[in-house]
1. Could you list all residues from the range B:139-166 that are within 11 Å of chain A (Cβ to nearest Cβ) and in contact with a helix residue (DSSP H, G or I) (Cβ under 6 Å, 6 or more places away or on another chain)?
2. Name every residue in the range A:278-296 that is buried (at least 17 other Cβ atoms within 10 Å of the Cβ) and closer than 19 Å to residue A:319 by Cβ, in order of residue number.
3. I need the helices (runs of 4 or more DSSP H) fully contained in the range B:64-157, keeping only those with at least 1 residues that are under 19 Å from residue B:168 (Cβ atoms).
4. Hey, could you check the range A:50-81 for residues that are modelled with pLDDT of 90 or more, over 26 Å from residue A:313 (Cβ atoms) and surrounded by 13 or more Cβ atoms within 10 Å (Cβ to Cβ) and say which is nearest to the chain's Cα centre (by Cα)?
5. What are the pairs, 6+ residues apart or on separate chains, where a residue within the range A:61-81 that is farther than 23 Å from residue A:105 by Cα has its Cβ under 6 Å from a residue that is in a helix (DSSP H, G or I)?
6. Yes or no: the range A:322-333 includes at least one residue that is within 14 Å of another protein chain (Cβ to nearest Cβ) and either at negative phi or at pLDDT 85 or above (or both).
7. Between A:111, A:118, which is surrounded by 11 or more Cβ atoms within 10 Å (Cβ to Cβ), in contact (Cβ under 8 Å) with a residue 40 or more places away in the chain and either within 30 Å of residue A:135 (Cα to Cα) or under 26 Å from the mean Cα position of the chain (by Cα) (or both)?
């Protein structure tokens, strides 16, 4: 166990930090001044906005229920009385669409309110990490380009990218995006949408110069790798000395020597440590003097408090600090801020 | 008759595939060796610059500088990459040169003027980068040699290797001095 310091802020972090439950009562001491200066003054106006949004939300739910109940009653009667299967299917389909539409209509004031928090409060939170940090709710990340550059992003039909953070820590440029990628599979009645990736794309500038590409993919076992091994045609498989690392990852690279230059024995240890630390499956790609790490995360990151609770940004602040702690830990764990050659 | 041709053909195909795999492994090891040489050449090119700067400041370790010059000449001398003995000597000389350069880097610590010299700092940084590249190339070479040597030593590969005149290749090992534990008192 060792303690780390978040360079500019001085927040102490322990190595073996589990994704702790986010506190909603106490603010981190180091952040207190920043919170009181930039965020707390906005709470009053946001409390007003929250009340308005909540009123609208409740009103819309009320209207929806009032309208939906009699229509649902009539539709059910009609369906039960009808002999035509086609008619029953059409009416059921219309009802389902109407329920989905009503749900989005009801949620709209909440969505707008949450969006206001993300556009007005989150940038203030991220300012704490330094002037170089910026946050935007919508991501302008060119996922197609990133996918073709990194070559570890699974194929997808639909991508939802949000919560885009950029900044610089200890000489390392970083970019973080939350992504949810889905793909339509099967045909006919088996046609379904499958989540192919949900989690974080984190890009770091590297402290080493390199020109080729090295991919650190999840190891699927001998048979699995054979089928997944489309990379082996383009890149050569790199066999590294660490059997534990080899069990966890499968490496493909355009240059065997460069792959070993990047994946030193100590870096392999760090990547294994990172995977244990996050308790999540990770994959990585080295390209264009950058390192991209894909972290699987089941839950939504940067999720806001319920609109039904009075405004208290402490929970949101603590949640952002918690998420950023992970990014800082990756930098420290992989020693990306040091030019050690190891 | 057809069956007889089939019976003769199978062992021939197996022997050919085995032979092709052995040659492939030998070529891979040679490719890895040339990667090592590229990096060693880079280091050899860098050493005269470091020595020129060091000579201006270093007063006591004259023998160390002479040793480095001699070893550099030995390490950059040509060799036959099909001769196991010559490869071994070439790699040993390179490793000894690396060891002596390591000693020089430690000696630099005793000369604050040299240590803070901007050109020296830059040269040392480049040298460390080259050392990291050598280390990576060495790992690639040793992996390729392990694969070749396993194929050459395990039956029936050993028989085919003899027929095809494919031999083992030496590992690029650390010198005994490098393997010895570091005495902190010598450095501090």
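1. B:139, B:140, B:141, B:144, B:147
2. A:278, A:280, A:295 - these are the residues of the range A:278-296 that are buried (at least 17 other Cβ atoms within 10 Å of the Cβ) and closer than 19 Å to residue A:319 by Cβ.
3. B:84-108, B:118-153
4. Across the range A:50-81, the extreme among qualifying residues is A:64.
5. From residues that are farther than 23 Å from residue A:105 by Cα, the pairs are A:79/A:88; A:79/A:91.
6. No, that holds for no residue.
7. Matching residue, one of A:111, A:118: A:118.
Residue-by-condition table, conditions (1) part of a helix (DSSP H, G or I); (2) within 26 Å of residue B:158 (Cβ to Cβ):
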residue: B:10; (1), (2): yes, yes
residue: B:26; (1), (2): yes, yes
residue: B:46; (1), (2): yes, no
residue: B:59; (1), (2): no, no
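The values are calculated or read from the model by the stated rules, or taken from the named source; none is laboratory data. All values reported here derive from a predicted model rather than from experimental measurement. We place every Cβ from the backbone using ideal geometry, glycine too, and count neighbours over all the protein chains shown.
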